[in-house]
Amino acid sequence: MKEFLEGSKAVAEIVKLCKPGVISAYPITPQTHIVEELAQMVANRELNSQFINVESEHSAASVVLGAVAGGVRAYTATSSQGLFYMAEVLFNIAGMRLPLVMACANRAISAPINIWNDQQDSVSLRDCGWIQLFAEDIQEAADLHLIAYKLTEDKSIMLPVMVCMDGFILTHGIETVDMPSQEQVDKFLPAYKPLYKLDPENPITMGPLVDPVYYMEARYAIQETMVKNVLTLIPKITADFSKVFGRAYNGLVEEYRTKDAERVILAMGSVCGTIKEVIDELRAKGKKVGLLKLTAYRPFPVQEIYEALKDIPKVAVLDRALSLGSYAPLASETKAVFFGKKKKPEVISSFVVGLGGRDITKDSIKEIFRLLTAKERACEFIDLKPELLKENYE
């Protein structure tokens with residue numbers, strides 16, 4: 001059924017249909033509306049779940065860790081500094097191979113204090129062992145939650161999933177969303193049956209102290225699951241999703257008008273919608289431009305990116321995050337895809353856009369296409385205001 005919904009409301013409705021037994025979160029803008037809606041559903045007895053109030057994001061992550069360890073499907077959400085406050089526990093959840101879904105409403109990191117959108121928060125935690133999926137619009141943000149639960153609970157995976165959605169743009173934006181029925185969700189996502197759990201009748205150890213004899217093998221196992229099992233399973237799950245719900249996703253990358261393109265932008269998140277509009281306008285003028293949308297940032301779909309871009313002469317990589325003192329993170333990893341390859345783009349230029357909620361307009365995208373020439377650019381900032389730079393240096 002199609003409904004006109006705020007992004008946070010759409011996500012909350014989808015989570016309700018997934019029937020988590022435990023929900024715990026701490027309010028932080030712009031994530032708050034998601035768990036506020038879920039708390040109301042629990043209070044209204046629309047959702048048979050325990051909503052556990054806590055004093056911090058660290059505690060919220062600890063609660064859902066305990067819930068999943070006890071054999072219960074769980075859910076949480078956070079943003080920005082809250083995600084960082086969870087960081088210690090997030091590494092534990094992944095290291096303990098616990099299936100969990102969390103929404104990250106992407107928001108800039110302090111200081112200076114900024115509540116608006118960029119992707120620095122989740123990108124900074126790209127190495128914590130969580131699968132990271134980025135949504136372009138509200139429909140995709142909702143659908144990725146269903147895909148995430150199916151993925152995280154698969155017995156060959158057992159790794160947590162972070163669904164990343166641009167703060168305010170998607171959390172507070174309103175779109176027409178095709179909401180599934182409970183019957184459809186139940187068909188796609190069966191009741192959770194844990195592979196292992198804490199049980200006095202069948203005791204096991206979780207999160208033990210591991211000495212150098214075993215530690216490397218444990219980390220290697222997560223790496224192998226990421227780069228082999230997850231990358232293989234995501235397209236299979238999205239194919240099943242399409243059969244049940246009628247909406248098609250690849251789940252790793254999406255090519256938009258790239259087949260004969262001479263210039264292509266690689267990006268992830270809500271900016272992809274703006275890029276598609278610009279591409280359509282430029283195509284109408286005879287410009288051969290395209291987009292490669294990245295949905296799965298972790299694991300990084302190396303082979304899919306290589307196949308999509310190897311014949312493109314000029315590629316621009318858009319980052320809404322920084323690795324301060326080095327190159328932009330998404331651009332660095334994209335360049336690494338082509339290391340040692342004979343077939344590769346002539347130019348891979350790096351552009352930093354939209355930090356701290358700075359608007360990424362159609363003109364911004366057109367400027368990137370204009371700058372995508374034979375001169376390769378590294379960490380080029382778009383839409384800087386020169387008159388403000390002096391204040392930051394002095």
Here the alpha-carbon Rg of the chain over 2.2 N^0.38 Å rounds to 0.98
Over 22 Å between Cα atoms, which of LYS285/LYS385; LYS2/LYS366; LYS287/LYS335; LYS293/LYS335; LYS285/LYS366 qualify?
LYS285/LYS385; LYS2/LYS366; LYS287/LYS335
Show me the chymotrypsin sites (Phe, Trp or Tyr not before Pro) within segment 286-394 that DSSP assigns to loop and that have at most 10 other Cβ atoms within 10 Å of their Cβ.
PHE339
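At 0.36 nm per residue, and after removing the present C-alpha to C-alpha distance, how many nm does the segment from THR232 to HIS172 gain when stretched out fully?
Values: separation 60, 0.36 × 60 = 21.60 nm, distance 3.30 nm.
Fully extending the segment from THR232 to HIS172 adds 18.3 nm.
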Going by amide H atoms built from the backbone, whose H comes under 5 Å of the H on SER270, apart from near neighbours?
ASP166
Restricting attention to segment 241-347, which GluC sites (Glu not before Pro) occupy a DSSP loop and are surrounded by at most 15 other Cβ atoms within 10 Å?
GLU262, GLU346
For GLU3 and ASP280 in one chain, what is 0.36 nm times their gap in residues minus the Cα-Cα distance, to one decimal in nm?
97.0 nm
Helix 215-224 axis, angle to the chain major axis (alpha carbon atoms, nearest 10°):
60
What are the residues whose amide H is under 5 Å from the amide H of GLY71, where those residues sit 5 or more places off or on another chain and H is modelled from the backbone?
LEU198
Of the trypsin sites (Lys or Arg not before Pro) in segment 13-81, those whose Cβ has at most 10 other Cβ within 10 Å and which sit in DSSP loop:
ARG45
Would you mind getting me the FRET efficiency between GLU36 and LYS343? Use the beta-carbon distance for r and R0 = 56 Å, nearest 0.05.
0.65
Output ³J(HN,Hα) for segment 129-145: one whole-Hz value per residue in order, computed from phi by the Karplus curve 6.51 cos²θ - 1.76 cosθ + 1.60 with θ = phi - 60°, and x for Gly and Pro.
x, 8, 5, 10, 10, 10, 9, 8, 9, 5, 4, 5, 4, 5, 5, 5, 5
Using Cα pairs under 8 angstrom and six or more residues apart, how large is the relative contact order of segment 253-393, in percent?
24
Under the Karplus relation with 6.51, -1.76 and 1.60 and θ = phi - 60°, whole-Hz ³J(HN,Hα) for segment 225-240, x at Gly and Pro, equal 5, 4, 7, 10, 5, 5, 5, 7, 7, 3, x, 5, 5, 5, 5, 5
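For segment 282-387, go through all pairs of different Cα atoms, get the mean of 1/r, take its inverse, and jot down that Kirkwood value in Å.
With all distinct Cα pairs of segment 282-387 included, I get 14.7 Å.
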Quick one: helix 32-43 against the long Cα principal axis of the chain, what's the angle to the nearest 10°, folded into 0 to 90?
20
With a point put 7 Å past each Cα toward its Cβ, work out how far LEU371 is from TYR306 in nm, to one decimal.
2.9
Contact order relative to length for the chain, counting C-alpha pairs under 8 Å separated by 6 or more residues, stands in percent at 15
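If r is the Cβ-Cβ distance from ASP127 to ASN250 and R0 is 22 Å, what FRET efficiency results, to the nearest 0.05? Spell out each step's value before the answer.
Working: r = 24 Å, r/R0 = 1.09.
With a Förster radius of 22 Å, E is 0.35.
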What list of ³J(HN,Hα) couplings, whole Hz, do you get for segment 371-385 from phi and the Karplus terms 6.51, -1.76, 1.60, once you set θ to phi - 60° and write x for glycine and proline?
7, 7, 10, 5, 7, 7, 10, 10, 6, 7, 7, 9, 6, 5, 10
For segment 254-300 and segment 323-338, distance of Cα centres in Å
19
First measure r as the distance between the Cβ atoms of ASP240 and ASN48, then evaluate 1/(1 + (r/R0)^6) with R0 = 22 Å and state the FRET efficiency to the nearest 0.05.
0.25
Would you mind checking which residues have amide H under 5 Å from SER350's amide H? H placed 1.01 Å from N; only 5 or more apart, or other chain.
VAL317, ARG377, ALA378, CYS379, GLU380
Cα-based reach from LYS342 at 23 Å (exclusive), listing lysines while leaving out same-chain residues under 8 positions away:
LYS259, LYS310, LYS314, LYS375
Helix-only [θ] at 222 nm, the chain, -39500 (n - 2.57) per DSSP H run of 4+, per residue, nearest 500, equals -12000 deg cm²/dmol
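How big is the charge dipole of segment 2-245 about its Cα centre, in debye rounded to the nearest 20, if each Lys and Arg gets +1 on its Cβ and each Asp and Glu gets -1 on its Cβ?
My answer is approximately 580 debye.
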Filtered hits (lysines, Cα-Cα < 19 Å from LYS228, offset >= 8 within chain) -> LYS150, LYS155, LYS236
What distance in nm lies between label points placed 7 Å from Cα along the C-beta direction at SER110 and ASP383?
2.4
ARG219 paired with SER181, simple spin-label distance in nm, labels 7 Å along Cα-to-beta-carbon:
5.0
Need the C-alpha centroid separation for segment 180-222 versus segment 72-110, integer Å.
16
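Coordinate-derived values only; no laboratory data. As the structure is a prediction and not an experimental result, all values here were calculated from the model. Glycine gets a Cβ as well: all are built from the backbone with ideal geometry, and neighbour counts include every protein chain shown.
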